[in-house]
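Data block below; observations after.
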Amino acid sequence: MFFKNITMACAAAALMTVPATRVAADGRDFAAGIVAGVVGSAIVRNANKQKRVVRQKTYRKAAPAVPSYVRQERRDIQTSLNYFGFPAGTADGVLGRKSRAAISSYQAHMGYPATGQLTDYEKNFLLQSYSRAMAGGILTSQQIAGNPAGPRGLLTQYRNEAAGITSAGVTAVAPATTVVVAPQPQMVQPQVLGGTTTTTTTVTAVAGAADAGADTSSGSALPSFMGQTTAVSLASHCNQVSLLTSTNGGFLTADTMVDANLALNEQFCLARTYAIAEGEKLASKIQGFSTAQIEQQCEGFGPALKEHVAAMSLKPHSAVMQDVSGFVLNSGMSPVQLAGTAKICLSVGYRTDNMDVALGSALLLSVLGEQAYGELMGHHLAQGFGVSKRADLSLAWYDMGLTAIENGATPVFAPGQPERNALLRKASVTLGGNSSAQALPQVQPASALPIFKVSRKQAGIS
């Protein structure tokens, strides 16, 4: 402190001894120095500001994950497009530029607006056509070879067949397999689809009734005068439904539904397509069985579950489920293996138009925890395929399947269409209420069930 005071005193004395002119000049220099210092300081500060880089973090919201069932459906679309000659690239479940171009080509080929985005009808027709082509085997190969358009010609052919038109130069598809159902005389039931009436006859003669000389004097045998009649083809019926859907411009929805019966038929045929595809996927993983051998084995579901299928026309669904549960317990088979086998045979039953096999398989799946399959029994009872037409009894089956999905069960048909449940609920309530029915005595099935080795994962059971 003392040194600082001495320094300041010396500086003051030095200033006093400087001439006035020198002092004035120094004062101007001092002021100029201050100004220069201020300006320089401002420049430095501005330079520092310019050098300072402000980095802002950018947060990008992750794209929502695509559900596995949606990705699988997209893979199926890509596989179908590739099969019919519309290159969609690798079936990775991502509908990118190449897939959209393939969709546009498919739409243009079929005469649809080439938007690159599939409508529900266009998608379902594509997937159904692919399943049909896969099931055709050698016949499909012959049709492709005889068609100038190759695989693409199958799409046009399938559409024409649905419209009742046989394409020139193309071998017509063989008629569906004739199926003789259980010997239970039924009344003829008309079916109205959007103004189109078709007649369904599911009457068969008792064995030996066709023989004019048969002895009918026995009191235990019932007479039959109806003759032997073949069952109506569900595949043919679904072709008619597909034609109506195409004419109407697509599937009915809960908002656009004006014909509940047509809406139910559309969803029935859609469920049939998904059931066929799922079973074929499982069957492809079975080792040691050819397609013909699998079909032969699955025929055992018909006689083994015939009594339970027949009971659907008479008993409420709770009684039928109880009876089938007893059948499963007495079968001595693993539920996992039985469920996997039932899915394969459900596909076979629908593909070969064997309603006993299809319904028997669906009943087993419903009892084994796959209650979403209850929808199928509702459809069969509502439309009269393989069973009597009992709209009143169909309601409980519909409700079982729809309620299971509403409670969190995974949809087994058209999983990419969550609005489907609301449509089925709305359409089914127009059918009427349940009614009590008389009991049918249980008969122990004589035939053994087939069994295929299907893992829990392959069967889709958690």
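The single condition among (1) in a loop (DSSP other than H, G, I, E, B); (2) modelled with pLDDT of 90 or more; (3) within 20 Å of A254 (Cα to Cα); (4) not basic (K, R) that V387 does not meet is (3).
Yes/no per residue for (1) assigned to a helix (DSSP H, G or I); (2) more than 25 Å from K389 (Cα to Cα); (3) touching a residue at least 40 places away in the same chain (Cβ under 8 Å):
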| residue | (1), (2), (3) |
| --- | --- |
| I294 | yes, yes, yes |
| L314 | no, no, yes |
| V320 | yes, no, yes |
| D323 | yes, no, yes |
| M333 | no, yes, yes |
| L338 | yes, yes, yes |
| G349 | yes, no, yes |
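Does A162 meet the test of being out of contact with any Cys (no Cβ under 6 Å at 6 or more places or on another chain), surrounded by fewer than 19 Cβ atoms within 10 Å (Cβ to Cβ) and at pLDDT below 85? Steps first, answer last, please.
Working: out of contact with any Cys (no Cβ under 6 Å at 6 or more places or on another chain): yes; surrounded by fewer than 19 Cβ atoms within 10 Å (Cβ to Cβ): no; at pLDDT below 85: yes.
So A162 fails the test.
For the range 391-425, a tally of residues being hydroxyl-bearing (S, T, Y) and more than 13 Å from E375 (Cα to Cα) returns 1.
Scanning the range 257-270 turns up no residue that is crowded, with 17+ Cβ neighbours inside 10 Å and of a type in the set (V, I, T).
The values are calculated or read from the model by the stated rules, or taken from the named source; none is laboratory data. Everything quoted here is computed from the prediction, not taken from an experiment. A quick note on method: Cβ atoms are made from the backbone with ideal geometry, for glycine too, and the neighbour counts reach across all protein chains shown.
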